[in-house]
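One structure is given here, and the rest of the page talks about it.
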């Protein structure tokens with residue numbers, strides 16, 4: 001018996017621990033920026049698995065081929081032995097980022113945890129912070145993952161309320177405030193971890209000069225400047241990395257999502273010479289962090305990102321999309337903002353929340369997107385999106401935002 005959307009959703013709600021609030025759409029197949037449910041209904045994908053799906057649906061055939069070819073050769077090797085892919089992956093990614101060394105991981109949250117470990121050990125062994133006194137500065141409304149360490153960086157109340165006590169040693173300031181950063185630094189500060197643009201926070205873009213100023217402050221106080229580009233990096237914002245808008249290269253760069261090419265689970269902590277050799281055996285490890293087939297897929301993803309000019313496409317299409325969204329006349333819209341294809345529409349509180357618009361776009365516009373922080377919708381289409389596809393989306397967005405809500 002063929003199952004439909006209702007049956008798949010019923011199974012998921014019965015047997016899955018529900019940590020999301022999904023809309024009732026079941027992905028059955030996809031092609032490019034489009035997905036279909038089991039009944040054959042077609043939708044445009046405007047979330048891209050929170051930015052991981054740069055190449056569209058399904059995984060690019062060359063990425064899949066690289067993954068399968070390696071998977072057929074040998075199983076996992078762990079860190080106890082070498083495999084054929086890890087050195088090649090590290091070299092190519094380090095060169096892509098113009099950094100020194102790479103620590104591969106499986107997920108963004110896990111990579112953030114490793115960056116915390118690097119920062120703390122560097123603080124104790126290089127900077128000379130008294131043992132167990134190291135502090136890391138993060139930003140309110142930031143998002144770095146769901147592990148307790150990652151949650152502690154921003155300590156966002158809505159995410160941490162029932163998981164306290166959080167690990168100590170973290171201080172929060174407001175994103176975009178250089179004066180607050182200067183004041184928060186003391187002799188025990190080892191690092192400042194920040195998103196160049198707050199993605200989960202709703203595409204919050206700091207003032208011009210903020211990242212460069214933050215880097216200069218960190219350098220002056222001998223504090224590590226760590227950028228979380230898990231969502232903003234690898235072309236999403238119209239540059240290889242969002243920090244390139246201000247030439248604010250970090251000491252530590254955290255990346256993930258698109259790195260796996262929409263197929264593999266790969267993230268990485270990319271280190272400058274300053275911290276490249278801080279971690280030593282047995283400081284860290286992970287069973288699957290050097291899984292050869294995943295690294296083969298990531299290598300191919302990096303290659304295609306350049307060959308297909310997806311960074312340039314994100315810049316061009318993003319500028320076009322944002323400009324057209326700003327032309328929409330709607331009493332509900334408070335702001336439209338973004339860089340590249342990381343875009344947000346913020347609504348006035350009186351509009352009754354962004355979820356209503358996201359649901360209406362699905363029902364009436366066949367367009368899939370996600371609300372965040374109550375009043376904001378994020379639009380994160382695959383980096384392959386074309387102008388005619390953006391125009392298709394714009395017609396539906398304008399229609400939904402111009403109509404009175406029920």
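The values are calculated or read from the model by the stated rules, or taken from the named source; none is laboratory data. Computed from a prediction, not measured in an experiment: that's the story for all the values here. As a convention, Cβ positions derive from the backbone with ideal geometry for all residues, glycine included, and neighbour counts pool all protein chains shown.
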Sole residue being part of a loop (DSSP other than H, G, I, E, B), loosely packed, with under 14 Cβ neighbours inside 10 Å and touching a helix residue (DSSP H, G or I) at 6+ places or on another chain (Cβ under 9 Å), chosen from 26, 17, 74: 74
Strands (runs of 3 or more DSSP E) enclosed by the stretch 101-186 - at least 1 residues per element that are surrounded by 22 or more Cβ atoms within 10 Å (Cβ to Cβ) and under 22 Å from the mean Cα position of the chain (by Cα): 101-105, 135-139
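Of 213, 233, which residue is outside the structural domain of residue 370 (by TED's automatic domain parsing) and assigned to a helix (DSSP H, G or I)?
Just one listed residue meets the conditions, 213.
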In the stretch 53-65, the residues that are buried (at least 24 other Cβ atoms within 10 Å of the Cβ) and part of a loop (DSSP other than H, G, I, E, B): 53, 54, 55
Near pairs, Cβ below 7 angstrom, 6+ apart or cross-chain, from the stretch 17-36 (more than 15 Å from residue 48 (Cβ to Cβ)) to any residue that is in a loop (DSSP other than H, G, I, E, B): 26/37; 26/38; 28/37; 28/38; 36/28
Any hit, the stretch 366-385, residues being closer than 23 Å to residue 245 by Cα, touching a residue at least 24 places away in the same chain (Cβ under 8 Å) and in a strand (DSSP E or B): yes
Pairs, first assigned by TED's automatic domain parsing to the domain that holds residue 142 and over 12 Å from residue 217 (Cα atoms) in the stretch 174-187, second assigned to a helix (DSSP H, G or I) and at pLDDT 95 or above, C-beta under 6 Å, six or more apart: 174/180; 176/210
Condition broken by residue 221, with the remaining ones in (1) within 29 Å of residue 375 (Cα to Cα); (2) surrounded by fewer than 21 Cβ atoms within 10 Å (Cβ to Cβ); (3) in contact (Cβ under 8 Å) with a residue 12 or more places away in the chain satisfied: (1)
Pair list, Cβ < 8 Å and 6+ apart or interchain, from the stretch 86-98 residues that are surrounded by 18 or more Cβ atoms within 10 Å (Cβ to Cβ) to residues that are modelled with pLDDT under 95 and not in a helix (DSSP H, G or I): 86/290
